[in-house]
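Derivation of every value follows stated rules applied to the coordinates shown; laboratory data play no part. For clarity, every value in this text was computed on a predicted model and none was experimentally measured. Glycine gets a Cβ as well: all are built from the backbone with ideal geometry, and neighbour counts include every protein chain shown.
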Amino acid sequence: MRVKKFKILEFPYFSDDRGETIPFELDESFPFVVKRVYIVTGRDGEVRGGHAHKHEQELFVCVSGRVKVLIHDGQHESEISLENKNKALLVRSHCWHEFWDFSPDAVLLAFSSTHYEGRNGYIESKTEFLKS
């Protein structure tokens, strides 16, 4: 059975007159053991990402604003818009992803399955990615 290389996950969302709460439980229900958390922002006209990972899995949540994602699983390419704080994009290893069209207030929260591996953990050429 082939494991899907990306999918949208929905997390609980609670809202009342005081504001919003979206819990991300880092337990057995999370898709991987989290080793690193980081934040990504983007400038107008710039692309972030533009690579696949050899081993790393990531989960991206747009906690503010909106951003577009181009994702390629090696067979099919899709465009996704991240704009709901309780919906996250799970990107498994060997899945091309790039982010663009960041709104001025866009902030991506990223959960990673690995510590930073350096550029050796990346496939940075889309041509090479499509050959693999």
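What the table shows:
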| item | result |
| --- | --- |
| The chain - charge dipole about Cα centre, Lys and Arg +1 at Cβ, Asp and Glu -1, debye rounded to 20 | 480 |
| Karplus-derived HN-Hα couplings along the range 89-103 (A = 6.51, B = -1.76, C = 1.60, θ = phi - 60°), whole Hz, x at Gly and Pro | 9, 8, 10, 7, 4, 6, 9, 5, 8, 9, 10, 7, 6, 5, 5 |
| Computed label-point distance, nm, for sites residue 4 and residue 105 using a 7 Å Cα→Cβ extension | 3.0 |
| Calculated diffusion of the range 1-104, Stokes-Einstein form, Kirkwood radius summed over Cα pairs, 10 °C and 1.306 mPa s, µm²/s | 108 |
| Expected 222 nm ellipticity per residue - DSSP helices of 4 or more, -39500 (n - 2.57), all of the chain, to 500 | -1000 deg cm²/dmol |
| Low-density loop cleavage sites - GluC sites (Glu not before Pro) in the range 4-44, where at most 11 other Cβ are within 10 Å (DSSP) | 25, 28 |
| Residue 54-residue 17 pseudo-label distance in nm [points 7 Å out on the Cα-to-Cβ vector] | 5.7 |
| Per principal axis, descending, Cα span of the range 1-43 in whole Å | 45, 31, 19 |
| Under-5 Å amide H pairs with residue 74, H placed in peptide plane, nonlocal only | 96 |
| Under-5 Å amide H pairs with residue 7, H placed in peptide plane, nonlocal only | 90 |
| Relative contact order for the chain, counting Cα pairs under 8 Å that sit 6 or more residues apart, in percent | 35 |
| Reachable lysines, given that their alpha-carbon falls under 23 Å from the alpha-carbon of residue 126 and they are not under 8 places away in the same chain | 4, 5, 7, 54, 68 |
| Extreme residue, positive dipole direction of the chain, given options 121, 40, 57 (C-beta unit charges) | 121 |
| Whole-number percent relative contact order across the range 29-83, with pairs defined as alpha carbons under 8 Å at least 6 apart | 24 |
